[in-house]
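Asker: One structure is given below, represented as structure tokens, and several questions about it will come after.
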């Protein structure tokens with residue numbers, strides 16, 4: 001338990017632990033959304049999308065691990081039951097009801113945008129008040145912004161492929 005970590009934080013540590021647990025739940029749900037999406041994906045750019053989803057899944061799992069460590073350092077306990085994840089998460093898991101890569105990318109893009117807002121919130125909350133948590137959330141924010149860009153790039157590539165396909169088949 002991090003006695004000094006709690007003492008040096010100039011935030012409401014209990015509230016911060018709650019917010020970190022929400023983010024922790026969201027990371028596990030994001031991990032699974034990317035993991036299952038990579039397994040079921042079909043359609044345009046499938047090999048590329050699957051590879052990217054697998055990479056993102058690994059990063060989301062790493063984020064969950066980092067958040068769990070920080071929660072413990074602050075004297076808290078990470079959510080211990082997967083049953084709690086959906087209840088705590090503000091960024092929700094979107095069940096992939098359509099295996100089409102375009103639809104899966106759109107779902108993950110929405111999730112990444114929610115995650116960006118989450119980590120910006122944590123950065124704003126901890127800037128100048130809890131340097132360790134700020135550094136952690138800034139690092140994750142950078143990766144979530146990168147994920148958003150990669151999803152947007154896939155959408156552009158899919159649109160260009162569609163235009164090219166229609167042009168060639170006229």
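Asker: Could you tell me how many of the residues in segment 71-89 are out of contact with any helix residue (DSSP H, G or I) (no Cβ under 7 Å at 6 or more places or on another chain) and surrounded by 14 or more Cβ atoms within 10 Å (Cβ to Cβ)?
Answerer: 1
Asker: Name the one entry in 68, 5 that is at pLDDT below 95, within 28 Å of residue 129 (Cα to Cα) and touching a helix residue (DSSP H, G or I) at 6+ places or on another chain (Cβ under 7 Å).
Answerer: None of the others qualify; the one that does is 5.
Asker: Oh, and also: Determine whether residue 68 is within 30 Å of residue 46 (Cα to Cα) and crowded, with 17+ Cβ neighbours inside 10 Å.
Answerer: So residue 68 does not fit the description; no.
Asker: Something else about it: Only residues that are more than 12 Å from residue 118 (Cβ to Cβ) and in contact with a helix residue (DSSP H, G or I) (Cβ under 8 Å, 6 or more places away or on another chain): list them for segment 8-20, please. It would help to see each step written out before you state the result.
Answerer: Within segment 8-20, the first condition is being more than 12 Å from residue 118 (Cβ to Cβ), and the residues that meet it are 8-18.
Correct list: 9, 11, 13, 16, 17.
Asker: Still on this structure: Quick one: how many residues across segment 90-136 are more than 11 Å from the chain's Cα centre (by Cα), touching a residue at least 40 places away in the same chain (Cβ under 8 Å) and either buried (at least 17 other Cβ atoms within 10 Å of the Cβ) or under 25 Å from residue 159 (Cα atoms) (or both)? Please lay out each step first, then the result.
Answerer: Taking segment 90-136 first, the residues more than 11 Å from the chain's Cα centre (by Cα) are 90, 94-107, 120-136.
With the extra rule that they be touching a residue at least 40 places away in the same chain (Cβ under 8 Å), the set shrinks to 90, 94, 96, 99-102, 104-107, 121-122, 125-126, 128-130, 132-133, 136.
When the remaining residues are screened for being either buried (at least 17 other Cβ atoms within 10 Å of the Cβ) or under 25 Å from residue 159 (Cα atoms) (or both), the result is 94, 96, 99-102, 104-107, 122, 125-126, 130, 133, 136.
The number of residues fulfilling the criteria is 16.
Asker: Still on this model: Hey, among the residues in segment 151-170 that are modelled with pLDDT of 95 or more and surrounded by 17 or more Cβ atoms within 10 Å (Cβ to Cβ), which one's farthest from residue 63 (Cα to Cα)?
Answerer: Ranking the candidates gives 154 first.
The values are calculated or read from the model by the stated rules, or taken from the named source; none is laboratory data. All figures in this text were calculated on a predicted structure; none of them were measured in a lab. Note that we place each Cβ from the backbone using ideal geometry, even for glycine, and neighbour counts take in every protein chain shown.
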